[in-house]
Amino acid sequence: MTDQRPILMVASSGGHLTQLLELSTRLRPDREQIWVSFDGDHARSALEGRRAEFIPYIPPRGYRQLALALPKAQAIMRRNRPEMVVSTGSGIALAFLPTARVWGSEAHYIESATRSDGPSHTGRLLSKFGRIRLHTQHPTWSDDRWTFRGSVFEGYESLETPTREVSNVVVTLGTMETYEFQRLVRRLVEILPDGVDVTWQVGTTDVSGLGIEARRTIPSDELHAAMSAADLVVGHAGTGLALTCFSLGIRPLLVPRSAAHGEHVDEHQRQTAVYLQGLGLASVHEADEIDFDDLALATGWRIERVGGGPDFELNG
């Protein structure tokens, strides 16, 4: 008899979850998918209507929170007994993939598409476990341990359109609970003229004293509607934001966070920005250097879907 146990789909909220959602239709469509992510507005909104379980947030390199998550991972594995566990990271993968091997489930780690030149800290740690299958989304660094099966960025192209007046802008800094991005907010406040309607989603970034009305998080459906109606979407160079924009036909203006300014754990957002700029799928600028002309020029593009991407084969 064919084993019909479910697949456990595990990802941190934000870009990691968005990537796994993008890949989910290309992974074993004959299996029920049960989702696990952090308990917060973004994940609950993104997973609405799906079978899902939620655990407390694990920050980047948050080993104490990771240790606390291990019993929860054991309990979720016991309840669901999945055939395989698939994760795009980050820290949540360290709780679930080694646990999956203890329970006899296949364990697959798909490195984030942000990592264009090698594995992340999470990926390097997981590579020390011999029975976890490792996948890269960039063929340039695939090898006998890291297999390339495809990428979330497959199937999109950028088309030039007439530029538009910048009258309605969405600024979104993602769902990170650890790092602020004040440099970008302050620069946009400086260069956006009075009268421009701006939706600000700023996460943990402190915007007090900047004279703007901002929200920490916005439900996915509401944010997507605002983005679709905007002349321009500006945001940090997160893969989740990029994929969301692409799905809506939007070519975003991306600004990478910088570890040197205390805005992220490392410089992987710069890798993402350079890679997407090279594909022609995004406009990219530095937070301290962006000006209004850059915003205006960025309105003259749209993204078109030209294919759904091949199956993301996990076996082998």
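The values are calculated or read from the model by the stated rules, or taken from the named source; none is laboratory data. It should be emphasised that the depicted structure is a prediction, and the values quoted were computed from it without experimental measurement. Ideal geometry is used to build each Cβ from the backbone, glycine not excepted, and the neighbour counts take in all protein chains shown.
Details
Residues are listed down the side, and each one gets a yes or a no for (1) over 23 Å from Gly155 (Cβ atoms); (2) assigned to a loop (DSSP other than H, G, I, E, B); (3) modelled with pLDDT of 90 or more:
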| position | (1), (2), (3) |
| --- | --- |
| Met1 | yes, yes, no |
| Val10 | yes, no, yes |
| Ser13 | yes, yes, yes |
| Ile34 | yes, no, yes |
| Ser37 | yes, no, yes |
| Arg44 | yes, no, yes |
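- Checking Glu53 against (1) surrounded by 22 or more Cβ atoms within 10 Å (Cβ to Cβ); (2) in a strand (DSSP E or B); (3) not hydrophobic (A, V, I, L, M, F, W, C), the condition it does not meet: (1)
- Among the candidates Pro59, Pro29, residue that is part of a loop (DSSP other than H, G, I, E, B), farther than 26 Å from Tyr179 by Cβ, at pLDDT below 90 and not hydrophobic (A, V, I, L, M, F, W, C): Pro29
- Inside the stretch 91-121, residues that are within 20 Å of the chain's Cα centre (by Cα), β-branched (Val, Ile, Thr) and at pLDDT 95 or above make up a count of 2.
This table checks each residue for (1) touching a strand residue (DSSP E or B) at 6+ places or on another chain (Cβ under 6 Å); (2) under 20 Å from Ala242 (Cβ atoms); (3) in the same structural domain as Glu22 (by TED's automatic domain parsing).
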| residue | (1), (2), (3) |
| --- | --- |
| Asp117 | no, yes, yes |
| Leu125 | no, no, yes |
| Gly130 | no, no, yes |
| His135 | yes, yes, yes |
| Thr140 | no, yes, yes |
| Thr161 | yes, yes, no |
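- Selection over the stretch 170-209 of residues that are in a strand (DSSP E or B) and closer than 22 Å to Ser45 by Cβ gives a count of 7.
- The sole residue among Ala67, Ala73 that is out of contact with any Asp or Glu (no Cβ under 9 Å at 6 or more places or on another chain), crowded, with 17+ Cβ neighbours inside 10 Å and assigned to a helix (DSSP H, G or I) is Ala73.
- The set of residues in the stretch 266-316 being aromatic (Phe, Trp, Tyr) and either over 24 Å from Leu173 (Cβ atoms) or in a helix (DSSP H, G or I) (or both) consists of Tyr275, Phe292, Phe312.
- Residue in the stretch 98-112 that is among the basic types (Lys, Arg) and surrounded by fewer than 21 Cβ atoms within 10 Å (Cβ to Cβ) present: yes
- Residue identified as crowded, with 23+ Cβ neighbours inside 10 Å and under 27 Å from Ala237 (Cβ atoms) among Gly15, Gly62, Gly91: Gly15
- Screening Ala67 with (1) at pLDDT 95 or above; (2) of a type outside the set (Lys, Arg); (3) under 15 Å from the mean Cα position of the chain (by Cα) gives one miss only, at (3).
- Taken together, the residues in the stretch 275-302 that are in contact (Cβ under 8 Å) with a residue 40 or more places away in the chain and either out of contact with any helix residue (DSSP H, G or I) (no Cβ under 9 Å at 6 or more places or on another chain) or not assigned by TED's automatic domain parsing to the domain that holds Leu253 (or both) amount to 10.
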